[in-house]
Amino acid sequence: MRIGELAARTGVSVRSIRYYEQQGLLVSTRTGSGQRVFAEAAVERVRLIQRLFDAGLSSRRMFELLPCMSDPDIRTAWLTDKLRAERERMVAEMAELARTVAALDVIVEEMTVTAA
């Protein structure tokens, strides 16, 4: 299928699909005139990429993880450990953001009291 059809079937922009290909997350073949052609399996691949972006993973991390995620025969504890590590990184970032928000709340409260 051509890139426009893949975009329509997945709800992802053509630009995003080009980016996925540029990052090595998605593979196409080219026609003689240079148009991209994707296999049927690209639909599920794009959906998986979108799920991983929604889960906060970077394209760099996806490049590392996708081969294991796409092939049930090579899924390993390594993959689960990597996904758990990503989760822990995100939890730590959220905790830091919560501390930052709390510090800002104190400043806002102080400014409110001072202004009153």
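What follows is calculated from the coordinates using simple rules that are stated; it is not laboratory data. All values derive from a computational prediction rather than experimental measurement. Counting neighbours? That spans all protein chains shown, and the Cβs are built from the backbone with ideal geometry, glycine included.
Does the range 77-116 classify as rounded, prolate or oblate by the C-alpha gyration tensor (a ≥ b ≥ c root eigenvalues; a/c under 1.5 gives rounded; else a/b over b/c gives prolate, otherwise oblate)?
It is prolate, given that a/c is not under 1.5 and a/b is the larger ratio.
Can you give me the distance in nm between label points at D71 and R9, each placed 7 Å from the Cα along the Cα-to-Cβ direction?
2.2 nm
From the backbone phi of the range 56-72, what are the Karplus-calculated ³J(HN,Hα) couplings (6.51 cos²θ - 1.76 cosθ + 1.60, θ = phi - 60°) in whole Hz, Gly and Pro given as x?
x, 7, 7, 5, 4, 5, 4, 4, 6, 8, 4, x, 6, 6, 7, 10, x
Grab the Cα-Cα distance for M90 and E110, subtract it from 0.36 nm times how many residues apart they are, and report the gain in nm with one decimal.
Full extension from M90 to E110 adds 4.2 nm.
So if I take the alpha carbon set of the chain, get Rg, then get Rh from the Kirkwood formula, what is the Rg over Rh ratio?
Looking at the chain, the ratio lands at 1.22.
Using only alpha carbon pairs under 8 Å that are at least six residues apart, calculate the relative contact order of the chain and give it in whole percent.
18 percent
At 7 Å along Cα-to-Cβ for each site, give me the label-to-label distance between L79 and L48 in nm.
Using points 7 Å along Cα→Cβ, the separation is 0.7 nm.
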